[in-house]
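Rule-based calculations on the coordinates, nothing more; no lab input. This is a predicted model, so every value here is computed, not measured. No Cβ is skipped: glycine too gets one built from the backbone with ideal geometry, and neighbour counts run over all protein chains shown.
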Amino acid sequence: MKSLHDSHFDSVEVVSSRLSDVDYIASRQLATAVYLAFNLEKPILVEGPAGVGKTELAKSMASILEVPLIRLQCYEGLDESKALYEWKYGKQLLYTQLLKDKLAELMQGTVGLAASIERLHSHDDLFFSEHFLEPRPLYQALHQERGCVLLIDEVDKSDPEFEAFLLEVLSDFQVSVPELGTIAAKVKPLVFLTSNNTREMSDALKRRCLHLHIPFPEPAVERAILERRVPGLSQALNRELVAFVQAVRAIDLKKQPSVSETIDWAKTLLLLNAEHLQLDLVRETLNVFLKFEQDIASASEQLPALLAQARKDAELPHASNA
Amino acid sequence: MQATLEDFFKALRGSDLDVSLNAQIDAARATALVGWSDRELLKSALGATLAKTVPDRAIFDQTFEKFFQFDSFGTQRAGKAGTPPAVVPPGEPLPSPAEGSGQGSGGPGGCHGSAGQALSQLLLSGDSAALSRRMQQAARDVGLTDIWFFTQKGYYTQKIQQAMGLDLLDREITEARRQSMAPQRVAELERARKHLFDEVRNFVERKLSLYGTAPTRELHDDFLQTQKLSNIDRRDFARMHEIVRKIARRLAERHARRKRRELRGQLDFRRTMRANAAYGGVMFETFWRSTKVERPRVVAICDVSGSVRQYARFLLLFLHSLDELVSEMQSFAFTNHLVDVSATFAALPVEQAVDRVMQAVGGAGTDYGQVLQDIDAQLMYRIDHRTTVLILGDARNNRGEARAEIMKTLYGRARRVIWLNPEPVSFWGLGDSEMKRYAPYCHIARECNSLRHLERTLDQLLRTNSASA
């Protein structure tokens, strides 16, 4: 079995091509950031609108590196007992009950309380050992023999306290468990943190991470993504579709359609055996990539104009290599 | 190359992008990995390590373009000083100032003799590459990256010219003139000298815009914070707004956090069980959920009449910033009657909101008596032992009725009454000022006419507030 650091990336191009092998089309900036994160062993904070492939990036890296992906989904109220470890207190209680007799045996021959406690002390903290520990994602990540890709998803949703707690993990790849001492990573994991920017992350956190912002992709990149993700889509439709989505992103919407929506839409159109974008067809399938009623309303108003522009953009030769 | 990186950090700081030491180390390691040969690659590598937010990234991109452009020395024929310097094509090694640093340590004394000789030749032959290199090296020798003010432009221009060998060029010109056998050569040399001056000056100007902004801005900010609010120019409003916001956010953050720690909510059963498993399920230690965050409830009342007009803008500015941050805040403005401006603050961006309020509320003479009556009628029922009342005004009542008894009621009901007066304490009670009569019914009555004052007072206010909570 391979370990995380058996893999090597000699250059940014290698990262790009390996990512594209697993159908993840990376911009050069993205590939550079990943390359640096891997070689500098730094966590990487990925920001950007929803659905541009932030989480997908971590998954792809895990499959390239052939190591497990451990995911920690953040939410308000997440605390260390859910992120790091938890004692199996049920099991602890059960064991104390079951072992009562054994305890009595153990205590035989001791006189007085002090001696009993002395005797107990001669045994280890049995009930606070790893047998009774319920590992949570962070603990698991540090314990992987071969290393792993650790994905801390939507870190902006967690509380500031939890963010502070993360700092130790991110800078030293170790955590302190009061009962067990400090646990250091066996192999430093490759860490991705994603954020949708619902709140500003603290400076301390940002300082420990490389920063990567994934914007909506360029037309050429988006076309390449569609080619990979929706095989069977005709070139012409691909071109029109991307041009249309790009045009839609330019108008004022509550939520702009993202790459994942483009893919969904492409799949839908493929299913409907569409050859070209037709006005009616677009109008009927708008709800696949626009998720708000008012967005759909404002888009359908401008639909003929958008469609015309998309057709024009798709025709232009420069659009194909832009 | 290290020197070039350091200069680049300096330039980033010049563009108001803070670069932590940690990030600098990362950047150095990153460049060691990716090398200098590919411009785009270098840019994304430095960007990933140095810029930590999207706005930062925009600043970074801009500074990068400015910094890593080729400071070409335009030749006389090839174009005047105005032509934009060419951007280094990707793939070509960067013409970094560091190139010069290697040679620069070679001892300036020795090389200047021949260098000076060469300067006139270089200028006349229009050897742009060599001149650029010479200029870069000279800039490094005289420490151009330390430039601060536009007034230093002349100094640095002169210094760089000298380091490039101006003295020898001058001597050559004098020599040629004395011999007076080649007037054409004299004219040529003089033209060359003028050209040199233009080019160097342009170069220095570019560098000033790169390095000079940060220290001057800091100085300016410092000035704005300590200046009397009434003396601050209208054009500094935007900058001021930024400072005020920063202060307000700092205050709100600090105090929200303290508040949260103190509050105790529901029993956190899971955590309690978990912690007490060690005691066989007997609840020794209890843990409490603290999800409810109670922020200070503030009622702010601001005088916007003519006498405090100068301050009012900034006080409103501050209220607006605080309003964005404190959840339970109500803002009022008044001259002769009370107007609720919370809605305006919530709906409009700051500049417009302040203007709107000044227009709508400002105008006629102040009437504190009427305003207090309004407070009594409209507000008093909402004020209780959890409310902090913040009054901003000079208490100049145009000899109207003071109605200090309402202040007394207010004092009795509210958790805290704070009066911030832009006038110095020695002016209180003089003329039509009623401050002396209101002051006894305030928990805190203070002079407050600069941002420093404001920050200090409010910080203290919020601290004592939560300490006694």
Among (1) within 15 Å of the chain's Cα centre (by Cα); (2) over 30 Å from B:Phe269 (Cα atoms); (3) crowded, with 19+ Cβ neighbours inside 10 Å - the single one A:Ser63 does not satisfy: (3)
Residue count, the range A:212-251 (criterion: in a loop (DSSP other than H, G, I, E, B) and either on the phi < 0 side of the Ramachandran plot or of a type in the set (D, E, K, R) (or both)): 10
Selection count where residues are under 14 Å from B:Leu338 (Cβ atoms), of a type in the set (A, V, I, L, M, F, W, C) and surrounded by 16 or more Cβ atoms within 10 Å (Cβ to Cβ), scope the range B:351-379: 6
Residue within the range B:43-52 that is over 18 Å from A:Leu205 (Cβ atoms), polar (S, T, N, Q) and either more than 18 Å from the chain's Cα centre (by Cα) or more than 9 Å from chain A (Cβ to nearest Cβ) (or both) present: yes
Selection count, the range A:57-84, where residues are more than 11 Å from every other protein chain (Cβ to nearest Cβ) and either farther than 25 Å from A:Lys186 by Cα or outside any helix (DSSP H, G or I) (or both): 12
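Could you check the range B:172-209 and list, in sequence order, the residues that are more than 30 Å from B:Gly143 (Cα to Cα) and in contact (Cβ under 8 Å) with a residue 60 or more places away in the chain? Reasoning before the result, please.
At the first step, the residues of the range B:172-209 found to be more than 30 Å from B:Gly143 (Cα to Cα) are B:175-188.
Selection gives B:Glu188 alone.
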Filter result (closer than 16 Å to B:Ser120 by Cβ and hydrophobic (A, V, I, L, M, F, W, C)) within the range B:149-188: B:Ala163, B:Met164, B:Leu166, B:Leu168, B:Leu169, B:Ile173, B:Ala176, B:Ala182, B:Val186, B:Ala187
Of all residues in the range B:53-67 being surrounded by fewer than 20 Cβ atoms within 10 Å (Cβ to Cβ) and acidic (Asp, Glu), the one that is farthest from the other protein chains (Cβ to nearest Cβ): B:Glu65
Among residues of the range A:40-56, those that are part of a loop (DSSP other than H, G, I, E, B), touching a strand residue (DSSP E or B) at 6+ places or on another chain (Cβ under 6 Å) and within 11 Å of another protein chain (Cβ to nearest Cβ), counted: 2
Residues (in a loop (DSSP other than H, G, I, E, B) and either more than 20 Å from the chain's Cα centre (by Cα) or within 12 Å of another protein chain (Cβ to nearest Cβ) (or both)) located in the range A:124-140: A:Asp124, A:Asp125, A:Ser129
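If I ask for residues that are within 21 Å of A:Arg228 (Cα to Cα) and among the β-branched types (Val, Ile, Thr), which ones from the range A:13-33 would you list?
Initial filter on the range A:13-33 (within 21 Å of A:Arg228 (Cα to Cα)): A:13-31.
Selection gives A:Val14, A:Val15, A:Val22, A:Ile25.
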Residue ID - surrounded by the most Cβ atoms within 10 Å (Cβ to Cβ), chosen from residues in the range B:1-42 that are facing another protein chain (nearest Cβ under 7 Å) and charged (D, E, K, R): B:Asp26
